[in-house]
Amino acid sequence: MLLEVEGLTTAYKGLLAIQDISLAVAEGEIVVVAGANGAGKSTLLKSIAGQERPRSGSVTFDGARIEGLAGHLITARGIAYVPENKRLFPRLSVADNLRLGSYLHRSRADREAPLDQVFTLFPRLKERLPQRAATLSGGEQQMLAIGRALMTRPRLLMLDEPSQGIMPKLVDEIFAAVTTIRATGVTVLLVEQRLSESLGIADRAYVLQTGRVILAGPAAEIRDDPEVRRAYLGI
C-alpha cells in the first residue's frame with residue numbers, strides 16, 4: 001500500500017472530528033472518501049497532509065511514518081493536497097501560481113517539466129497564463145489548484161471537493177482529468193459530494209459518518225447497492 005492510515009483520531013476546535021479511522025490506498029488507485037457534511041472527510045485529508053495534528057494513530061506513506069510532520073515536508077515526500085478552498089494567490093498570475101507549485105525543484109528544467117502535463121489536462125490554463133487567478137471562473141480556479149499541485153510531481157494527489165462551486169459543464173472535465181492523472185501513474189484520494197460521478201471513476205470507497213468509517217468496499221458495489229445509497233449516501 002502506498003498510504004496506510006491506522007486508528008487516526010483528530011480534534012477540530014476542541015471536538016473530535018475523526019475517531020479511530022483506518023484506511024489504505026494502493027499505488028495506482030483512485031479511492032473515494034464519501035459521507036455527509038460534517039462527517040470528518042476534510043479533517044481526514046488535513047490530518048494526512050500535515051494541516052491538522054492527530055491526537056493518536058499513524059499515517060504511513062511509502063513505508064515511512066509521516067503523522068506529525070510539517071505540511072511542506074509531507075509535500076516533499078510526494079503527497080500533494082488540494083483543499084476545498086483552493087488556496088490560490090488571487091493577485092498573482094496563473095503562471096506565477098503554477099511556478100509556486102514547483103518550488104521543491106532546484107533546476108529550471110525540473111521546475112518547468114510538469115507544465116506540459118498540466119497544459120494537456122487543462123488547455124485553458126495555457127490560454128490564461130498572464131491573467132490574475134482572481135479573474136478566473138470557479139472551474140478554472142479549480143483547474144489551476146490541481147495544476148499547481150501537479151507541479152510538485154506528487155505520487156499521491158488528495159482532492160477535497162474538486163467539483164464544488166463549478167459550473168456543471170466543467171464538472172465532467174474535472175472528473176476526466178482525475179482519471180487521466182491516475183493514468184499517468186499518480187494515485188488519487190478523493191473527497192467528493194458528487195457521489196455517482198466519483199464512485200463511477202473510483203476503485204474503492206470509504207463512507208464516513210460522524211467521524212468514523214462505517215462502510216468500505218469496491219466503489220461499484222457501494223454505488224449500485226440501493227440500500228447503501230439511501231442509508232449512507234443520500235442518493
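At-a-glance table
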{"item": "Residue in segment 12-26 that is at pLDDT below 90, more than 16 Å from the chain's Cα centre (by Cα) and surrounded by 15 or more Cβ atoms within 10 Å (Cβ to Cβ) present", "result": "yes"}
{"item": "Residue selected from segment 155-176 under the condition farther than 23 Å from residue 38 by Cβ and at pLDDT 95 or above, by the criterion nearest to the chain's Cα centre (by Cα)", "result": "157"}
{"item": "Cross-chain or 6+ apart pairs with Cβ under 6 Å, segment 25-52 first and under 18 Å from residue 199 (Cβ atoms) and outside any loop (DSSP other than H, G, I, E, B), then modelled with pLDDT under 95 and among the polar types (S, T, N, Q)", "result": "32/198"}
{"item": "Residue 179 vs. criteria out of contact with any Gly (no Cβ under 6 Å at 6 or more places or on another chain), surrounded by fewer than 17 Cβ atoms within 10 Å (Cβ to Cβ), hydroxyl-bearing (Ser, Thr, Tyr) and within 28 Å of residue 19 (Cβ to Cβ)", "result": "no"}
{"item": "Residue in segment 79-122 that is modelled with the highest pLDDT, counting only those that are in a helix (DSSP H, G or I) and of a type in the set (Gly, Ala, Ser)", "result": "95"}
{"item": "Answer from 87, 77 - the residue that is farther than 22 Å from residue 161 by Cα and either surrounded by 20 or more Cβ atoms within 10 Å (Cβ to Cβ) or under 16 Å from the mean Cα position of the chain (by Cα) (or both)", "result": "77"}
{"item": "Extreme residue, surrounded by the fewest Cβ atoms within 10 Å (Cβ to Cβ), among residues of segment 187-213 that are touching a Leu at 6+ places or on another chain (Cβ under 7 Å) and farther than 20 Å from residue 157 by Cα", "result": "213"}
{"item": "Set 73, 125: member being over 19 Å from residue 181 (Cα atoms), assigned to a helix (DSSP H, G or I) and not charged (D, E, K, R)", "result": "73"}
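The values are calculated or read from the model by the stated rules, or taken from the named source; none is laboratory data. All figures in this text were calculated on a predicted structure; none of them were measured in a lab. Here the Cβ is made from the backbone with ideal geometry for all residues, glycine too, and neighbour counts use every protein chain on show.
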